[in-house]
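Novice: Quick one: structure below, then a few questions.
The values are calculated or read from the model by the stated rules, or taken from the named source; none is laboratory data. Since this is a predicted model, take the numbers as computed values, not measurements. Every residue, glycine among them, receives a Cβ derived from its backbone with ideal geometry; neighbour counts consider all protein chains shown. These area figures cover heavy atoms from the full protein model, side chains too; ligands, DNA and RNA do not enter into them. Shrake-Rupley method; radii C 1.70, N 1.55, O 1.52, S 1.80 Å.
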Amino acid sequence: MNKKLLVLALVGAFSAPAMADVTINGTINMGPQIGTSTDATAVGQSNAVAASNGGQGFSTNGLTSNYSNVNLNSTEDIGDGNKVVFNAQLDFSNTGTTVHDTAGTLRQRNTFLGFEGNWGSLRMGINEHIYERYMYASDTMDGAAGIGGNLQMLGTPGYGNVFQVGTTGCGPASGCAGFYRRTGQSIWYDSPDINGFTFGIVQSLNAYQAASNGTKPPATSMGVQFKPADMPFFINAAFERHKDFFGLNQITGVAGATSSTDTGLQIGGGATFGDLSIYARYEQLKYKSDGLVASVNEYKRNATWLGLKYALSTGYATVQVGMAGDGTVSCGAGFVGACNANSSGATMITGGYGHNLSKQTTLLFYGSITNNDSLASYVNIGSPGVGPGSDGRSFAILVRHAF
């Protein structure tokens, strides 16, 4: 009897349909960092936006994990050049964020299911929008979200806003101003390469409406890129629109708008000349809210990002400079005071050296400086934030291991 069961089990095993392979890969990135901040500006409301005094600067040290993640992915060929694709990504970047000083909450990142073929790819789930992906393309540091990365100045108007990726909670009472979105409930299409041209579009669905009479905060992101395979350059442009995200609320701290339309526009590119690569990017963010009578109803700011990266036999060296200009504002008829956003700009300088220890492991030396104008508060990762006008300095030594 046992022999018969064994034979049946073997027959069933060999006759079962073949399963798609599953691969695991990722990057773990961690090391000590030190950060300092100067005193914030001791002023009250000096323009139409900044409204509060800051605190006294101080220094901290600890561990930073930059961008650490593990991917679980699978691809199945379903015939006629088409495939089913799946990816699940977990973010291990937290290094002690709870009161018990244990590992922080495990976060889900790029996780999707979809199809791809010679017509492009159609996917659904969670992923960086086109707008954020193009910002990564012009960043020379390891992970634009880490120390020295351009996501501390691009995709954000400042005012303490950084790495605001979700959509839950975006509404009239608490706005969302960030333009590097990794919104769930999204469907996106990426085109195939057409003689160097690619394009894509992302649409988030109306899954974040909180009440029957609540707002519907969808995001639309689109972009086009020219990156010829046989040429050492690329150029791209992206546009993103947020409806009823109420980003101006987060900038001014004033609620009460009935609707809002926030937009981001960027254009950038890069070129390689031998061992030297050069990158540049320009961005304009605009926030507009309706229904505000005695407050700022529109805010706009421009920013520029430049980067150099030099390949060495031992690794690479890099430097970047970001410049965010003062905002410009429009105020309601009932507004009382100076209708301007003067002294809200900032300059960020970053640099680093990556030393290759092996094909999979790199030792990184990264530093960044953010100089805020007297009423600006752009975040400098690794530095404690204490309010408008506070400048940040940070330095880290990281071990980056890819597998």
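Novice: Filter segment 258-286 for residues that are assigned to a loop (DSSP other than H, G, I, E, B) and either of a type in the set (Asp, Glu) or buried (at least 21 other Cβ atoms within 10 Å of the Cβ) (or both) and give the result.
Specialist: Selection gives Asp275 alone.
Novice: Still on this structure, I have one more. What single numbered condition from (1) hydroxyl-bearing (Ser, Thr, Tyr); (2) farther than 30 Å from Asp391 by Cα; (3) at pLDDT 70 or above fails to hold for Ser15?
Specialist: (3)
Novice: Please identify the pairs in which a residue from segment 362-382 that is within 17 Å of Tyr316 (Cα to Cα) and of a type in the set (Lys, Arg) has its Cβ atom under 6 Å from the Cβ atom of a residue that is open to solvent by 40 Å² or more (accessible area, probe 1.4 Å) and modelled with pLDDT of 95 or more, counting only partners at least 6 apart or on another chain.
Specialist: Pairs found: none.
Novice: Could you give me the residue pairs with C-beta distances under 7 Å whose first residue belongs to segment 179-199 and is farther than 24 Å from Ala88 by Cα and free of Cβ contacts under 8 Å to residues at least 40 places away in the same chain, whose second residue is of a type in the set (Lys, Arg) and open to solvent by 10 Å² or more (accessible area, probe 1.4 Å) wherever it lies, and which are 6+ apart or on separate chains?
Specialist: From segment 179-199, the pairs are Gly196/Lys227.
Novice: May I pose another question? Select, from Ala271, Ala311, Ala280, the only residue that is out of contact with any Lys or Arg (no Cβ under 9 Å at 6 or more places or on another chain), without any contact (Cβ under 8 Å) to a residue 40 or more places away in the chain and within 20 Å of Phe226 (Cα to Cα).
Specialist: Within the list Ala271, Ala311, Ala280, the selection yields Ala271.
Novice: So, in segment 245-257, how many residues would count as being open to solvent by less than 20 Å² (accessible area, probe 1.4 Å) and outside any helix (DSSP H, G or I)?
Specialist: 3
Novice: Within segment 55-89, take every residue that is part of a loop (DSSP other than H, G, I, E, B), under 24 Å from the mean Cα position of the chain (by Cα) and not aromatic (Phe, Trp, Tyr) and give me the one that is surrounded by the most Cβ atoms within 10 Å (Cβ to Cβ).
Specialist: Here the residue is Asn66.
Novice: Looking at Cys176 and the list (1) under 25 Å from Gly307 (Cβ atoms); (2) surrounded by 22 or more Cβ atoms within 10 Å (Cβ to Cβ), which single condition is not satisfied?
Specialist: Of (1) under 25 Å from Gly307 (Cβ atoms); (2) surrounded by 22 or more Cβ atoms within 10 Å (Cβ to Cβ), only one is false for Cys176: (1).
The rows are residues; the columns are (1) modelled with pLDDT of 75 or more; (2) buried (at least 23 other Cβ atoms within 10 Å of the Cβ); (3) out of contact with any Gly (no Cβ under 9 Å at 6 or more places or on another chain); (4) of a type in the set (S, T, N, Q).
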site: Val99; (1), (2), (3), (4): no, no, yes, no
site: Thr111; (1), (2), (3), (4): yes, no, no, yes
site: Gly114; (1), (2), (3), (4): yes, no, no, no
site: Trp119; (1), (2), (3), (4): yes, no, no, no
site: Met124; (1), (2), (3), (4): yes, no, no, no
site: Tyr131; (1), (2), (3), (4): yes, yes, no, no
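Novice: Also: Check segment 341-348 and report whether any residue there is out of contact with any strand residue (DSSP E or B) (no Cβ under 7 Å at 6 or more places or on another chain) and small (Gly, Ala, Ser).
Specialist: Within segment 341-348, one or more residues are out of contact with any strand residue (DSSP E or B) (no Cβ under 7 Å at 6 or more places or on another chain) and small (Gly, Ala, Ser).
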